[in-house]
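One structure below.
The values are calculated or read from the model by the stated rules, or taken from the named source; none is laboratory data. Owing to the predicted nature of the structure, the values given are computational and were not obtained by experimental measurement. Don't worry about glycine lacking a Cβ; one is built from the backbone with ideal geometry, like all the others, and counts go over all protein chains shown. For the accessible areas, the whole protein counts, side chains as well, though only heavy atoms, and no ligand, DNA or RNA atoms are used. Shrake-Rupley method; radii C 1.70, N 1.55, O 1.52, S 1.80 Å.
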Amino acid sequence: MKALVLNCTLKPSPESSSTEALSRVLMRQWSEDGIENELLRLADYDIKPGVKSDMGEGDDWPVIREKISGSDILVIATPTWLGQMSSIAKRALERLDAVLSETDEQGRTWAMGKVAGVVVTGNEDGAHHIVATVLQPLVDIGFTAPGQAWTYWHLGPGPGPDYTDTEQGHDYSDRVGRNAARNLAWVARALAAAPPPAQETGS
């Protein structure tokens, strides 16, 4: 089993990232359960706009796509800005649109048989909305979204400290995150034991 977290913070390395800090709660749980895991900070890559798997010279998305394809578990981790997912998270979902046309001889996308979850941080409400709007396109292209496969942290509307600046709310967010990691692994193992069915296709 392999798990991949796409950290969609707007901050490039080595800036501190609350989204990464909460994501690592899940990653520690996976490590305890013997699941290989990796985190990519997408702000460190040049991801061209578009809806193809490769947008040509200078596009770093093909490297990221291969890592997603090689993983059983995908987590999109995003901060909240103006009540929405980050623009980088949106860019990643747009690039994943290409998966819809990358099917095998039985009509299955390579995302089928994989699971997806979400991590959200921020000082504004809207976490449940972001979970929904991240998972919907992932389900469209074939990922399975297990129940309770997300966690979030925020202190309500308006400005305030980041996740890394305070311990407030960590008990809930971290506990839900550990459960999300377990739920994602559980369903990923179940899907690995039962390959997805062939799909009917047509024009």
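Could you tell me how far the Cα centroid of the range 172-203 sits from the Cα centroid of the range 69-111, in Å?
Rounded to whole Å, the Cα centres lie 15 Å apart.
Of all GluC sites (Glu not before Pro) in the range 104-183, which ones are in loop regions per DSSP and have a Cβ with at most 14 other Cβ atoms within 10 Å?
Details: sites: Glu105, Glu124, Glu167; in loops: Glu105, Glu124, Glu167.
When the GluC sites (Glu not before Pro) of the range 104-183 are filtered for loop state and at most 14 Cβ neighbours within 10 Å, Glu105, Glu167 remain.
If packing is taken as the average count of other Cβ atoms within 10 Å, what order do 70-76, 60-66, 88-94 fall into, highest mean first?
Peptide ranking by packing, descending: 70-76, 88-94, 60-66.
Please report the carbon-and-sulfur percent of the accessible area for the chain; probe 1.4 Å, protein heavy atoms only, DNA, RNA and ligands left out.
Carbon plus sulfur share of accessible area: 50 percent.
State the three equivalent ellipsoid semi-axes of the chain, derived from the C-alpha gyration tensor as the square roots of 5 times its eigenvalues, in descending order and whole Å.
27, 20, 15
Could you work out the relative contact order of the chain, using alpha carbon pairs under 8 angstrom and six or more residues apart, expressed as a whole percent?
Normalised by residue count, the contact order of the chain is 24 percent.
Tell me, what is the per residue accessible area of the range 72-203 in Å², probe radius 1.4 Å?
Using a 1.4 Å probe on heavy atoms only, each residue of the range 72-203 averages 49 Å².
In the chain, which helices (entire DSSP H runs) extend 18 Å or more along their own long axis, judged by Cα positions, while averaging at least -1.0 on the Kyte-Doolittle scale?
Both cut-offs are met by 18-32, 127-140, 170-193.
Calculate the FRET efficiency for Glu15 and Glu94 from the Cβ-Cβ distance with a Förster distance of 25 Å, rounded to the nearest 0.05.
So, using R0 = 25 Å, E works out to roughly 0.55.
Could you tell me the calculated FRET efficiency between Ser87 and Glu200, based on Cβ-Cβ distance and R0 = 45 angstrom, to the nearest 0.05? Numbers along the way, then the final one.
Values: r = 36 Å, r/R0 = 0.80.
Calculated value: 0.80.
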